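Below: the structure, in structure tokens.
The values are calculated or read from the model by the stated rules, or taken from the named source; none is laboratory data. Everything numeric here is computed off the predicted structure, so don't read it as measured data. Every residue, glycine as well, gets a Cβ built from its backbone with ideal geometry; the counts of neighbours run over all protein chains shown. Ligands, DNA and RNA are stripped out before the accessible areas are found, and what is left, the full protein with its side chains, is counted by its heavy atoms. Shrake-Rupley method; radii C 1.70, N 1.55, O 1.52, S 1.80 Å.
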Amino acid sequence: MSQHKVVLLLGSNIGDKKKNIDTALEKLKEVSEILKNSEYLTSDPVEFVSSNNFCNIASIIFTHLSPIQLLNFIKETEIEMGRINDSRISGSYTDRIIDIDIVTYDALNFISERLEIPHKKHLFEREFSRILLKDFI
């Protein structure tokens, strides 16, 4: 079974933010090996207004899952942790207990209705992402 190198960004702006991220990372260990995590970074919300700042982290993992299988696992994890609103479905961003984005998956270029790899907003538009990913990409 081949292993795929994936870069993820995780964020939380509700409750114990670091604990939420750590819980999600533990859950990811069910389907991956975590190679490296960045430092935690606090950032303002992007593309929506909230008084709750985000705690963010980048992570490099190895997984045997396909991009869609990984996305399904991530979405299940977000729901299990209490995330209610999926921005891709609702079309807008809101506060969230956990957000996990696939930034890169090997050197794959992939576009579907549910997933775009690489995640161009994180790579090119969002300052907090560029800071977290500077040593990962």
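Yes or no, residue by residue, for (1) surrounded by fewer than 19 Cβ atoms within 10 Å (Cβ to Cβ); (2) aliphatic (A, V, I, L, M); (3) more than 25 Å from N109 (Cβ to Cβ):
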{"residue": "K19", "(1), (2), (3)": "yes, no, yes"}
{"residue": "A24", "(1), (2), (3)": "no, yes, yes"}
{"residue": "K36", "(1), (2), (3)": "yes, no, no"}
{"residue": "T42", "(1), (2), (3)": "yes, no, yes"}
{"residue": "I61", "(1), (2), (3)": "no, yes, no"}
{"residue": "H64", "(1), (2), (3)": "yes, no, no"}
{"residue": "L71", "(1), (2), (3)": "no, yes, no"}
{"residue": "T94", "(1), (2), (3)": "yes, no, yes"}
Inset, instruction - Looking for whichever is exposed (fewer than 13 other Cβ atoms within 10 Å of the Cβ) and farther than 18 Å from G11 by Cα here; the options are E113, E127. Which one fits? - result: E113
Legend entry - Top-ranked residue in region 5-16 [being over 18 Å from T104 (Cβ atoms) and open to solvent by less than 60 Å² (accessible area, probe 1.4 Å); ranked as nearest to the chain's Cα centre (by Cα)]: S12
Inset, instruction - Provide a single number: the residues in region 108-128 that are closer than 27 Å to S2 by Cβ and in contact with a strand residue (DSSP E or B) (Cβ under 9 Å, 6 or more places away or on another chain). - result: 11
Legend entry - Subset of region 18-46 that is among the acidic types (D, E) and in contact with a helix residue (DSSP H, G or I) (Cβ under 9 Å, 6 or more places away or on another chain) - its residue that is farthest from E127 (Cα to Cα): E30
Inset, instruction - May I ask you to verify whether F48 is farther than 18 Å from V6 by Cα and touching a Ser or Thr at 6+ places or on another chain (Cβ under 7 Å)? - result: yes
Legend entry - Looking only at region 123-137, and only at residues there that are in contact (Cβ under 8 Å) with a residue 60 or more places away in the chain and over 13 Å from F54 (Cβ atoms), the one that is farthest from the chain's Cα centre (by Cα): D135
Legend entry - Number of the exception - T77 against (1) open to solvent by 20 Å² or more (accessible area, probe 1.4 Å); (2) farther than 20 Å from E125 by Cβ: (1)
Inset, instruction - Can you give me the ranges of the helices (runs of 4 or more DSSP H) entirely in region 31-137 with at least 3 residues that are modelled with pLDDT under 95? - result: 87-90, 127-133
